[in-house]
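Each reported figure results from applying straightforward, stated rules to the coordinates on display, with no laboratory input. For clarity, every value in this text was computed on a predicted model and none was experimentally measured.
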Amino acid sequence: MQICSADAENKCLLKEKVKDQRTIIKLQTQLIEKEQESVQSFKETVRKEVKSYAGVVASSCATALSPKKLQTVVKSIQDTEERSRNIIIHGLAEKDSEDLKNSVSDIFSQLGEKPMFSIPCRV
């Protein structure tokens, strides 16, 4: 009689084990689904943020590197460099028949300098 009750108890325990395993599988499936939703949500957020970041970068780069702005900057630099090479000589006496180029060359010679210069003029 004990053998029968042991068999019945084994069957009962086996059914309980199968039921518990089904519950575990069901819960694991639910967990996997939630994790997949979370991953999908994360992917969507990243996709949106990358698009918005790319849009910001594209618009700011287009604004920063517009041809008109670049031309303005280059012209400003050229003007500054051009003016930085100018020199004004004060106190040079004016003569009716003066050769301004020779006068300026003489001044530079006295200073021990030999710069290249273009056409000098009076201001």
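Excluding residues fewer than 8 places away in the same chain, name every one of the lysines whose C-alpha is closer than 21 Å to that of Lys51. Straight-distance partners of Lys51: Lys43.
Cross-link partners for Lys101 among the lysines, with Cα-Cα distance under 28 Å and sequence neighbours closer than 8 places in the same chain left out: Lys114. Here's the list of lysines a cross-link from Lys15 could span, going by alpha-carbon distance under 27 Å and ignoring same-chain residues fewer than 8 apart: Lys26.
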